[in-house]
Amino acid sequence: MVTARRPPTAHRQIGSDPPSAPVPWLTMRLTPWEEERLLIFSAAELARRHRAAGLKLNHPEAVALICDAMLEAARAGASYADVEAAGRAAVGEGELIDGVRGLLDEVRLEVLLGDGTRLIVLVDPLGPVDPLAEVGAAAISTSDLPHGDGPDTTGGGRS
């Protein structure tokens, strides 16, 4: 059993400890993985507040929400496929600031599943990009040009 005892205050002089000194009975000992998990949770919580206020999400907020959803699903005992699905469902493309979609091409995260630690890689976590969404439906490709009007692919331009 672990207990935290507060030292008696009668033996401490008030103001003797500098303000930056850690108080031994308030110190938390976390592993690096636990520190990372708390950082992800904090960023995800901030992102949830921004989303609830109607603000669009930036890149770190979107990644934090995706990772937090995957870690929570794994903690609840979900399978590999279910953890992947939770990550993909965490953020919608319409919730992002313009330009963030292009930055979110892959998310890698280690999660603890029932059979051990696994690396989950979400390639294109928001789903495939619609090629017409970026350039517009009226875009013309070189295959739409009549023969002879496209770029010269023969190497010299001579017949």
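Ranked highest first by average number of other Cβ atoms within 10 Å, how do 79-86, 31-38 line up?
Details: 79-86: 16.0, 31-38: 11.2.
Answer by packing, highest mean first, reads 79-86, 31-38.
How far is it, in nm, from the label point at R48 to the one at L26 when both lie 7 Å from their Cα along the line to the Cβ?
If labels sit at R48 and L26, their model points lie 2.6 nm apart.
Which order do peptides 110-121, 66-77 fall in by mean Cβ count within 10 Å, highest first?
Values: 110-121: 12.4, 66-77: 19.6.
Descending packing order for the listed peptides: 66-77, 110-121.
Tell me, in nm to one decimal, what length is gained between R108 and D124 on full extension, where the rule is 0.36 nm per residue of separation less the Cα-Cα distance? Display every interim value, and only then the final one.
Numbers: separation 16, 0.36 × 16 = 5.76 nm, distance 1.10 nm.
Length gained, R108 through D124: 4.7 nm.
Laboratory data are not the source of any read-out in this text; all were calculated from the coordinates shown. All of these numbers come straight from a predicted model, not from anything done at the bench. Glycine gets a Cβ as well: all are built from the backbone with ideal geometry, and neighbour counts include every protein chain shown.
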